[in-house]
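**Student:** I have a structure I would like to understand better, so I am pasting it below and will then ask my questions one at a time.
The values are calculated or read from the model by the stated rules, or taken from the named source; none is laboratory data. Just so it is clear, the structure is predicted and the values come from calculations on it, not from any experiment. Cβ sites come from the backbone with ideal geometry, for glycine too, and all protein chains shown count toward neighbours. Side chains are part of the model used for accessible areas, which takes the heavy atoms of the whole protein and leaves out ligands, DNA and RNA. Shrake-Rupley method; radii C 1.70, N 1.55, O 1.52, S 1.80 Å.
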Amino acid sequence: MTSSQDPSVHASAVLIGERAVFIRGASGSGKSQLAFRLILAGRAGILPRTVLIGDDRVRLHETDGHIIVQSVPELAGMIAIRGLGIRHCDFEKQARLGLVVDLGAADAARLPAPEALRTTLLGIELPRIPVAPGTDALPLVLAFLTTT
């Protein structure tokens, strides 16, 4: 199956530096808002260059032991901004996945167990941030990306 034939998934993704952040969650959980806030953090110099890969729907496929997240052509460069509607912005077509953020995660905890900070997609283990419902995800993602 080629990447253009892979089914799309309901998620958003941004490229930060050389790796993508994949944002999952229920409809209305804040995926688009987090993606845009990360883009703004990149523009402000808090993060390396940050651009949209896809909002609302993206494709995932495995290549050489890595997961690639790819924009869906019909939605490329479009992001939903609550209160403004669909807006256009710079984007990258694809990137290697480096982090999964789960919004509204039932297993989110103040001091999560090590296994809660990992997830497996397409048979590949990745770092994960479980975000509790109602919690601002941006500080957690920034902390993950800027601390050890």
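**Student:** Evaluate E = 1/(1 + (r/R0)^6) for R82 and A106, where r is the Cβ-Cβ distance and R0 equals 25 Å; express this FRET efficiency to the nearest 0.05.
**Tutor:** 0.55
**Student:** Nearest 5 is fine: what % of DSSP beta bridges in the chain come out antiparallel, could you say? Don't skip to the end; give the middle numbers.
**Tutor:** Numbers: 29 of 39 bridges.
The answer is about 75 percent antiparallel.
**Student:** Counting only heavy atoms of the protein chains, get the accessible area per residue of segment 12-92 (1.4 Å probe) and round it to a whole Å² value.
**Tutor:** Per-residue value: 49 Å².
**Student:** Same structure again: Which percent of the accessible heavy-atom area of the chain goes to carbon and sulfur, probe 1.4 angstrom?
**Tutor:** Heavy-atom surface of the chain belonging to carbon and sulfur, 1.4 Å probe: 54 percent.
**Student:** A follow-up question, please. Rounded to the nearest 20 debye, what is the charge dipole size of the chain about its Cα centre when +1 sits on each Lys and Arg Cβ and -1 on each Asp and Glu Cβ?
**Tutor:** 380 debye
**Student:** Which value in deg cm²/dmol, rounded to the nearest 500, describes the helix-derived mean residue ellipticity at 222 nm for the chain, given -39,500 (n - 2.57) per DSSP H run of n ≥ 4 and division by the residue count?
**Tutor:** -5000 deg cm²/dmol
**Student:** Sticking with this one: Return the sequence-ordered ³J(HN,Hα) values of segment 34-43 in whole Hz as given by the Karplus equation 6.51 cos²θ - 1.76 cosθ + 1.60 applied to θ = phi - 60°, using x for Gly and Pro.
**Tutor:** 5, 4, 5, 5, 5, 4, 5, 4, x, 5
**Student:** Can you list residues from other chains, or at least 5 along the same chain, whose modelled amide H is less than 5 Å from the amide H of A105?
**Tutor:** Here V131, A132 satisfy the definition.
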